[in-house]
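Here is the structure we will look at, set down as structure tokens.
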There are 2 protein chains.
Amino acid sequence: MTLYVNLAELLGTRIENGFYRPGDRLPSVRALSIEHGVSLSTVQQAYRVLEDSGLATPKPKSGYFVPISRKAPALPVVGRPVQRPVDISQWEQVLDMIRVSPAEGLTQLGRGMPDVNSPTLKPLLRAMGQLSRHQDMPGLYYDNILGVQALREQIARLLLDSGCQLNASDLLITSGCHEALSACIRALCAPGDIVAVDSPSFFGVMQTLKGLGMKALEIPTDPLTGISLEALELALEQWPIKAIQLTPSCNNPLGYVMPEERKRALLRLAQRFDVPIIEDDVYGDLAFSYPRPRTIKSFDEDGRVLLCSSFSKTLAPGLRVGWVAPGRYLERVLHMKYIGTGSTAPQPQLAISEFLQGGHFEPHLRRMRSQYQRNRDQMLDWVLRYFPEGTRASRPQGGFMLWVELAEDFDTVRLNRALLEHKVQIAVGSIFSASGKYRNCLRLNFAVRPTPRIEAAVRTVGEVIKQLLAQAC
Amino acid sequence: MTLYVNLAELLGTRIENGFYRPGDRLPSVRALSIEHGVSLSTVQQAYRVLEDSGLATPKPKSGYFVPISRKAPALPVVGRPVQRPVDISQWEQVLDMIRVSPAEGLTQLGRGMPDVNSPTLKPLLRAMGQLSRHQDMPGLYYDNILGVQALREQIARLLLDSGCQLNASDLLITSGCHEALSACIRALCAPGDIVAVDSPSFFGVMQTLKGLGMKALEIPTDPLTGISLEALELALEQWPIKAIQLTPSCNNPLGYVMPEERKRALLRLAQRFDVPIIEDDVYGDLAFSYPRPRTIKSFDEDGRVLLCSSFSKTLAPGLRVGWVAPGRYLERVLHMKYIGTGSTAPQPQLAISEFLQGGHFEPHLRRMRSQYQRNRDQMLDWVLRYFPEGTRASRPQGGFMLWVELAEDFDTVRLNRALLEHKVQIAVGSIFSASGKYRNCLRLNFAVRPTPRIEAAVRTVGEVIKQLLAQAC
């Protein structure tokens, strides 16, 4: 990466993290040039990047300033989930969302779709097309059960960014992060076992636990710093927990990045109670800060962290290419992967491998990160403008999901039903809980560029909420 | 299909089934023309097809005859598996086979790869390439969890050939037949449960039962007519069997087609004991007889048969597109599919759908069926020529797999180890048994056109077997 981009990302991170506050004067061009040993023009270029992404405003003759922050909704309150393991429900609500075809003309504000219309994805499509014209048709064969070797090598290289020193042989390719998580859970737990999860938590994992007859123990989670270590420690003392499953970086649905020292403390806790950690990092590469947050896996020394991820959020979910670094559980996870689907389709693996090898991933990520960051601010604005007063919202530090909390007795399942006639759908909050909590919450996707159509859909959600609230009075 | 092809396939079936025996005179051109109401030239064309595929020989002035059959190895003996439910092992042997990359230069005579080099597959590759150039990039999105609607409609149409009257809404798309089988087993059974299986049986199912902590009850199976209904009935009386899993049409690994009346009797048995049947039909469309054999599902009236299949054997396994018609268990199977992998990649689904819609599937199947039938005879010849005297072999009626049985105390795991230095691999028999039986058996793939390289590999297998036998003396 060029120097000025590096510098811009570093400064951007500091602004994002509150190191520089709204209204603060940013360091002078001269000071930064000396501090970082780069030329004045490099610093000027970096400031231009920050200006473009709305993170710095120039004032004539006084330098650059952090823009006065726009008003933002209050943060969601920390969940207080039931402190005992529960069976999971909510399948019908999940099904409502996942049985929709993209062709059906519904504006799906709730689903985990990234923006796949970026021109930076073109080399990937080209690679896929070329593979279909290959004489030896590599996309038609079974590949080996571990996954395409070249791709695993590329992923091992990528993982360095999150602090992981892994080899291709530590990795298994899966059909998306979904299969990675599922295989890990099946490798570690049996029916009736208890898994501790952050709360709210990814509904796919909730449903996996449900389908396998396992119980979820939901741990209270702070919307800025993640899972409560104190509550988790109490739970580990009280219950025979077989695994901890969480999404610590760019959490789904809350969007926080768990601070590094808390990640380390969580790992120490897992070591003390000898429990494995299933770490979902599927949004981790989309953190708005630079460098990207470290994974818990990167601190792991005894192979107890099973790192799951995929290209579904960074490239496209339709590729169904994910991976898992299962540490000491590799053989068991491999067996679970095999019995679930056999080997993974080679064509998308080969195409992604070529895309990575061609150096197209980093520029693509950079573009998407700044797009998602801008879109987040836009979405927060819309929520503030169109949703009822008192609406709370998360402050995502990465990814493209916003968590919105409405009045305590509001029911988003009813909201979704009412939205159907407007051809809009949100993700209802209750599917992110094992015990049907968060009925007054919803998840919004802000991946695609904010068009009038998207704005209209968000406004519609706000209006229907207000109508339902008025009816209730 | 044109008339003469229809007629050729009908006659071919009768010859295959022994209706006309080796040396028999076949009906005259005139007689057939009257019997089927077609022109003399149509019959002559049909006979030319039969001649080409080696099923009829013309004798000057006396008409067509069934060729004197070449000598064939004796049939394998009927397995007498242990008549109690057992835990499954053999994972290491399966892993030896599935961890090989196609690039590694090993001649894999054991793996379930079809021939993907047929020119009849070209429209499929073209469709895949075109999808990557589509403006709206349909391959990149999540599709709905049920699978691409157009493909499900096409599959419902295909299923008519096997006697099934199903709608798109009865079908779920899966990541290969492997996921279909796995989702069905998980939907029906819990750890500790007993599943009755044909024996030898597909190792993927064996490993699924193992991974899920279930027990397999292996039922003796005839190499020509399939699972013993008498033994199955006894087993159903004696054990709390939760499901029957079998591959009745073009069985893997034995290649038999279970006669229709036995399929009906099996279904009656399942009804009497109220047990569901998981029917693996993945090779069913590759039956050498015409029309293709009916599925058990086609006789099912109360939704107890879960039909699993895929395009892995008819088109290409790397596509990872399968399906399941789960009958009354649809909702449960759908949940199990969702928690395993989420939705299936849309791009290959869309490409296959286009291939089917374009009418390319039927000509492709026809070509592959006759290629596999010819290759079967070639492979039987080679086994007879290169393997030790007394070697037994199956008489596949479809698909592309030959089951070979060696002297009772022979160990094919040792054989495979010895073959490694010759860069040849077979599938060892023991992986087809839950209890490690069939150590003296192996499976050979005869899909690809018989080249000198393939012949050399088969000869090598024969020679190494003889060497090992000589050492044992």
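The values are calculated or read from the model by the stated rules, or taken from the named source; none is laboratory data. On a predicted model such as this, the values are computed, not experimentally measured, just so you know. Cβ sites come from the backbone with ideal geometry, for glycine too, and all protein chains shown count toward neighbours.
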**OP:** Test B:Leu229 against the criterion of being more than 30 Å from A:Ala345 (Cβ to Cβ) and either more than 14 Å from chain A (Cβ to nearest Cβ) or of a type in the set (Val, Ile, Thr) (or both), and give yes or no.
**Re:** yes
Subject >> Residues being outside any loop (DSSP other than H, G, I, E, B), of a type in the set (Lys, Arg) and under 29 Å from the mean Cα position of the chain (by Cα) - total across region B:105-141 >> reply: 2
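Where residues in region B:193-207 are of a type in the set (S, T, N, Q) and not in a loop (DSSP other than H, G, I, E, B), which of them is nearest to B:Val78 (Cα to Cα)?
Looking at the filtered set, the residue picked out is B:Ser199.
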Subject >> region B:195-206: number of residues that are in contact with a helix residue (DSSP H, G or I) (Cβ under 8 Å, 6 or more places away or on another chain) and more than 14 Å from chain A (Cβ to nearest Cβ) >> reply: 5
Subject >> Total residues in region A:115-126, condition within 9 Å of chain B (Cβ to nearest Cβ) and of a type in the set (S, T, N, Q) >> reply: 1
Original post:
Residue check: is B:Glu92 of a type in the set (Asp, Glu), over 30 Å from B:Thr221 (Cβ atoms) and without any contact (Cβ under 8 Å) to a residue 24 or more places away in the chain?
Top reply: no
Subject >> Total residues in region B:50-100, condition aliphatic (A, V, I, L, M), in contact with a Pro (Cβ under 6 Å, 6 or more places away or on another chain) and within 21 Å of B:Glu405 (Cβ to Cβ) >> reply: 2
Original post:
Here are some residues: B:Gly129, B:Gly112, B:Gly63. Which one is within 14 Å of another protein chain (Cβ to nearest Cβ), over 20 Å from B:Pro450 (Cβ atoms) and surrounded by 14 or more Cβ atoms within 10 Å (Cβ to Cβ)?
Top reply: B:Gly129
**OP:** Go through B:Gly340, B:Gly358, B:Gly390, B:Gly399 for me and flag whichever is crowded, with 24+ Cβ neighbours inside 10 Å and either away from chain A (no Cβ under 14 Å) or among the aromatic types (Phe, Trp, Tyr) (or both).
**Re:** B:Gly399
Original post:
For A:Arg395, all conditions in the list (1) modelled with pLDDT under 95; (2) of a type in the set (D, E, K, R); (3) farther than 17 Å from A:Leu75 by Cα hold save one; what is the number of the exception?
Top reply: (3)
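Yes or no, residue by residue, for (1) in the same structural domain as A:Arg328 (by TED's automatic domain parsing); (2) surrounded by 17 or more Cβ atoms within 10 Å (Cβ to Cβ); (3) under 17 Å from the mean Cα position of the chain (by Cα); (4) farther than 26 Å from A:Leu50 by Cβ:
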site	(1), (2), (3), (4)
A:Gly255	yes, yes, yes, no
A:Arg262	yes, yes, no, yes
A:Leu267	yes, yes, no, yes
A:Arg272	yes, no, no, yes
A:Asp280	yes, yes, yes, yes
A:Tyr283	yes, yes, yes, no
A:Tyr290	yes, yes, yes, no
**OP:** Kindly check whether there is at least one residue in region B:207-216 that is within 11 Å of chain A (Cβ to nearest Cβ), among the basic types (Lys, Arg), surrounded by fewer than 23 Cβ atoms within 10 Å (Cβ to Cβ) and closer than 29 Å to B:Pro85 by Cα.
**Re:** yes
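Restricting to region A:172-192, and then to whatever is assigned to a loop (DSSP other than H, G, I, E, B) and farther than 12 Å from A:Ser312 by Cα, can you tell me which residue is farthest from the other protein chains (Cβ to nearest Cβ)?
That would be A:Cys189.
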Original post:
Out of region B:94-104, which residues are assigned to a helix (DSSP H, G or I) and of a type in the set (Val, Ile, Thr)?
Top reply: B:Val94, B:Ile98
Subject >> Subset of region B:211-235 [in contact with a helix residue (DSSP H, G or I) (Cβ under 7 Å, 6 or more places away or on another chain) and either of a type in the set (Phe, Trp, Tyr) or in a helix (DSSP H, G or I) (or both)] >> reply: B:Gly211, B:Leu229, B:Leu232, B:Glu233
**OP:** Being touching a Leu at 6+ places or on another chain (Cβ under 8 Å) and either part of a helix (DSSP H, G or I) or more than 7 Å from chain A (Cβ to nearest Cβ) (or both) is the filter; apply it to region B:142-156 and report the residue that is surrounded by the fewest Cβ atoms within 10 Å (Cβ to Cβ).
**Re:** B:Ala150
Original post:
Within region A:272-289, how many residues are in contact with a helix residue (DSSP H, G or I) (Cβ under 8 Å, 6 or more places away or on another chain) and part of a loop (DSSP other than H, G, I, E, B)?
Top reply: 7
Subject >> Conditions (1) within 29 Å of A:Gly129 (Cβ to Cβ); (2) hydroxyl-bearing (Ser, Thr, Tyr); (3) surrounded by fewer than 20 Cβ atoms within 10 Å (Cβ to Cβ): number failed by B:Ser169 >> reply: (1)
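Tell me the residue from B:Leu229, B:Leu188 that is farther than 25 Å from B:Gln93 by Cα, more than 18 Å from the chain's Cα centre (by Cα) and surrounded by fewer than 21 Cβ atoms within 10 Å (Cβ to Cβ), please.
Going through B:Leu229, B:Leu188 in turn, just one is farther than 25 Å from B:Gln93 by Cα, more than 18 Å from the chain's Cα centre (by Cα) and surrounded by fewer than 21 Cβ atoms within 10 Å (Cβ to Cβ): B:Leu229.
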Subject >> Matching residues in region A:257-311 - criterion: being within 21 Å of A:Tyr372 (Cβ to Cβ), at pLDDT 95 or above and among the hydroxyl-bearing types (Ser, Thr, Tyr) >> reply: A:Tyr283, A:Thr295, A:Ser309, A:Ser310
**OP:** Check off (1) within 14 Å of chain A (Cβ to nearest Cβ); (2) crowded, with 18+ Cβ neighbours inside 10 Å; (3) within 21 Å of the chain's Cα centre (by Cα) for B:Gln90 and give me the number that stays unchecked.
**Re:** (3)
